[in-house]
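To start, the structure under review is shown below, and the notes come after it.
The values are calculated or read from the model by the stated rules, or taken from the named source; none is laboratory data. Treat the numbers as computed from the prediction; the structure is a model and nothing was measured. Positions of Cβ are generated from backbone atoms using ideal geometry, with glycine treated the same way; all protein chains shown enter the neighbour counts. Accessible surface is based on the protein model in full, side chains and every heavy atom, while ligands, DNA and RNA are left aside. Shrake-Rupley method; radii C 1.70, N 1.55, O 1.52, S 1.80 Å.
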Amino acid sequence: MTAAVARRAERRLAPARGVLATRVTDLLTGTAELTVAGALPARIAGARRADATLTRIASRAAAATALGDGLTALLSGLTVVAAALVGAQAVVDGRLSGVAMAVVVLTPLAAFEAVLGLPPAVQYRQRVRRSAERVYEVLDAPEPVREPERPRTAPASPFPLVVTGLTARHEGQHRDALAGLDLTLEKGRRIAVVGPSGSGKTTLAQVMLRFLDAGAGTYTLGGTDAYALDGDDVRRLVGLCAQDAHLFDSSVRENLLLARRDATEGDLRDALARARLLNWVDGLPDGLDTLIGEHGARLSGGQRQRLALARALVADFPVLVLDEPAEHLDLPTADALTADLLAATEGRTTLLITHRLAGLEAVDEVIVLADGRAVQRGAYAELAAVNGPLREMVGRETEDGLLVGAVAR
Ligand SMILES: Nc1ncnc2c1ncn2[C@@H]1O[C@H](COP(=O)(O)OP(=O)(O)OP(=O)(O)O)[C@@H](O)[C@H]1O
Ligand SMILES: [Mg+2]
C-alpha cells in the first residue's frame, strides 16, 4: 500500500531536485546579466515555482511515510489489544497462567518489530531506483570522443604535425564545421588562422586537442596517427589556450602552477613577463599571491587572457594552439594582445587563431578560413598584395580602425 502511494512521489522527487538546483545555480551565476536584462524577477519566480513543486512532492512522499508508519502502528496496536482480550479470557477460564498471558500479549509486538522496516524499505527502493536511472542516463550517453582500445605509445616529438583533408561536424549540426583542411606544423613554425565568426577556427583547435572527433581526413603527430593515441597523450604534445579559458577563484600563482606543479618562481615570472603581466603583478600589494576572484572577476578582459596565456607558457607544450578571444576587447587592446601573443610565441611552434591582422607578417603562414575551408593561404605579405579574402579583411579592419579613431577624436 505504501508502495502504491509513494510510487508517483518518489519517481518525481529526484528530477524535481535537479530542476531546482539548475534554476538556483543559473540565477546565482547569471545575476548580473539578468539584472541588466530586467529578467531577474521572472527568474526568481521560476526558482520559487520549482521550490514549491519540490515541496509539494516532498510532502506527498512524507505523507506516504506517515501513512505507512500509522498503518503499522494501528495494526500492531489492534493485534496487541486482540491478543490481550483473548489472553485475559483464557486466564479467566483457567486455560492459561498469568505469566503465559504476558507472552501471548508481547509476541505480536515482537513479530511486528520484524516487519516495521518494510514500508520505508519499499519507499527507499523506489527513490534509489529513480536516482539510479538518472545515473545510467549519464553513463549510457554516447562518448563524445572515441578513445582507442589499445593506445599506441606517444611519439617523443610531435613533429611534423600533419593534418590532411580534415572534416569535423558538431553533434546535431547538418553541416561540416571543418571541410577538408590541410596544414603542417614543423618545429618552430607559426601558422595564423583567420576568418569570420563561425568559420571553424575553434573547431580546428578542438580537433587538434582531440576534444572532437574528425569525420574524414588524417591527423598525425610525428608520423603516428593521433587517433591511435590516448587523448591525454595528444594533449601533452599539443596544448591549448582557449578562447574562453577558465580561471580559478584563487591566486595568480595557483592559476599558473596548475599548468606545471614544479614550476619555479623564475618560470612563473618569466611567463608573466612574456605575457606582459609582470609589471602589473609586481605592482599589486600581494604580488603573485593576489586573489583574482571567481572566473578572474577582479581582472580586466585583457588581463584575463594574458594570464591564460602565461599559464599556457608555463606548461611549455611542444605545440601551442592559441585561440584569441573575439569579444570583451576594444580594438587597440585587441591589437596589443595580438602583438604580445606574437612576441611571446616567437621560436615556439604555434597555431594562432586570431581576429586581428596587425602584426601577422611575423608568422610563417596565414590560413584564411571561410565555412570550414581554407579559401586562401600563404605568407601574409603575399596574400595582402593580391585581391582576395585577406585583402578584404584588411580593408574592413582599416575601416574599423578609422571609425574608432574618429570616435576617439
Ligand atoms: N558545440 C557546438 N555544437 C554545435 N555546433 C557548434 C558547436 N560549436 C561550434 N558549432 C558550429 O560550428 C561552426 C564553426 O564554429 P567555430 O566555433 O569553430 O567558429 P569560430 O571560427 O571559432 O568563430 P569565432 O570567431 O566566433 O570564435 C559554426 O557554424 C558553429 O555554429
Ligand atoms: Mg572561436
If you roll a 1.4 angstrom probe over the protein chains with everything in place, what fraction of the accessible area of the range 199-293 belongs to carbon and sulfur, to the nearest %?
49 percent
Probe of 1.4 angstrom, ligands and nucleic acids ignored: what's the accessible area per residue over the chain, in square angstrom?
55 Å²
Kirkwood Rh for the range 225-293 from C-alpha pairs, in Å, is 13.8 Å
With just the Cα atoms defining each centre, how far is the range 235-268 from the range 337-409? Give it in Å.
27 Å
How large is ³J(HN,Hα) for each residue in the range 104-109, as worked out from phi by the Karplus curve 6.51 cos²θ - 1.76 cosθ + 1.60 (θ = phi - 60°), to whole Hz, x for Gly and Pro?
4, 6, 7, 4, x, 4
proj_area_mean for the range 168-275 (convex hull on C-alpha atoms), units nm², value 9.1 nm²
For the range 306-320, in order, what is each residue's ³J(HN,Hα) by Karplus, 6.51 cos²θ - 1.76 cosθ + 1.60 with θ = phi - 60°, in whole Hz (x at glycine and Pro)?
5, 5, 4, 5, 4, 5, 5, 5, 4, 5, 6, 6, x, 10, 10
Calculated from DSSP helices alone, with each H run of at least 4 adding -39500 (n - 2.57) and the total divided by the residues of the chain, [θ]222 nm to the nearest 500 comes to -18000 deg cm²/dmol
If R0 = 41 Å, then residue 93 and residue 67, at their Cβ-Cβ distance, give a FRET efficiency to the nearest 0.05 of 0.60
Relative to the longest principal axis of the C-alpha atoms of the chain, give the angle of the C-alpha long axis of helix 389-408, reported between 0 and 90° and rounded to the nearest 10°.
80 degrees
Mean 1/r over distinct Cα pairs of the range 299-409, inverted to a Kirkwood Rh in Å, yields 15.2 Å
Whole-number D in µm² s⁻¹ for the range 2-139, Kirkwood Cα-pair radius fed into Stokes-Einstein, 25 °C, 0.890 mPa s:
130 µm²/s
Could I get the Rg over Rh figure for the chain? Both from C-alpha atoms, Rh via Kirkwood, rounded to two places.
1.23
So for R0 = 30 Å, FRET eff. of residue 85-residue 121 from the Cβ-Cβ r, to 0.05, ends up at 0.45
Given a 1.4 Å probe and heavy atoms of the protein chains only, how would you sort 174, 246, largest accessible area at the top?
174, 246
Between residue 56 and residue 225, what is the spin-label point distance in nm, taking each point 7 Å from the Cα along the Cα→C-beta axis?
5.6 nm
For residue 180, list long-range residues whose amide hydrogen, built 1.01 Å from N in the peptide plane, is under 5 Å from its own amide hydrogen.
166, 167, 168
Starting at 0 and stepping by 5 Å, how many percent of the alpha carbon pairs of the range 347-401 end up in each bin?
4, 18, 30, 29, 13, 5, 1
Counting DSSP beta bridges with both ends in the chain, the antiparallel % (nearest 5)
50 percent
If you take the charge dipole of the range 198-269 about its Cα centre, with +1 on Lys and Arg Cβ and -1 on Asp and Glu Cβ, which of 264, 243, 228 is farthest toward its positive end?
243
Using 1/(1 + (r/R0)^6) with R0 = 45 angstrom and r between the beta carbons of residue 246 and residue 381, what's the FRET efficiency to the nearest 0.05?
0.75
Given labels modelled 7 Å from the Cα in the Cβ direction, how far is it in nm from residue 290 to residue 150?
5.4 nm
Residue farthest toward the positive end of the dipole of the chain, with Cβ of Lys/Arg at +1 and Asp/Glu at -1: which of 358, 63, 296?
63
Give me a comma-separated list of calculated 3J(HN,Hα) values for the range 373-378, in order, Karplus coefficients 6.51, -1.76, 1.60 applied at θ = phi - 60°, integers in Hz, x for any Gly or Pro.
10, 7, 8, 7, 7, x
Along its three principal axes, how long is the range 251-352 when you only count alpha carbons? Whole Å, largest extent first please.
31, 31, 22
